[in-house]
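Quick notes on the structure that follows.
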Amino acid sequence: MGLTDKISTLIFTLIVIAVVVFLTMSRFFVGPLSQLTRAERIILGVSFVGVLGVMVYAAVELLFHFVF
């Protein structure tokens, strides 16, 4: 495994750690969903979709890096 493979794996790992920290902290600070207004729920849902988009993008980039 070359240096570029290690760097790509490291970047993906850091993105995964950042997403886990973001989701944990947002759950800790936001609290129960039942206390949120409809607009706050929509904003929270859009942020989770954005997080999933970043995860999928990072996984695809890492996969393409190893395949090609």
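Quick check on region 12-68: take the gyration tensor over C-alpha atoms, sort the square-rooted eigenvalues as a ≥ b ≥ c, and tell me if it's rounded (a/c under 1.5), prolate or oblate. Could the numbers behind the result be given before it?
Details: a/c = 5.88, a/b = 2.34, b/c = 2.52.
Judged from the Cα gyration tensor, region 12-68 comes out oblate (a/c at least 1.5, b/c at or above a/b).
Tilt of helix 3-30 relative to the longest C-alpha principal axis of the chain, in degrees (0 to 90, nearest 10)? Compared with the principal axis, the helix lies near 10 degrees. Angle check, please: helix 38-67 long axis (alpha carbons) against the longest principal axis of the chain (alpha carbons), in degrees 0 to 90, nearest 10. Helix 38-67 sits at roughly 10 degrees to that axis.
Run the numbers for I17 and L52: contour at 0.36 nm per residue of separation, minus the present Cα-Cα distance, in nm.
Values: separation 35, 0.36 × 35 = 12.60 nm, distance 1.33 nm.
So the extension gain works out to 11.3 nm.
Coordinate-derived values only; no laboratory data. Only a predicted model underlies this, so the values are computations on that prediction, with no experimental measurement involved.
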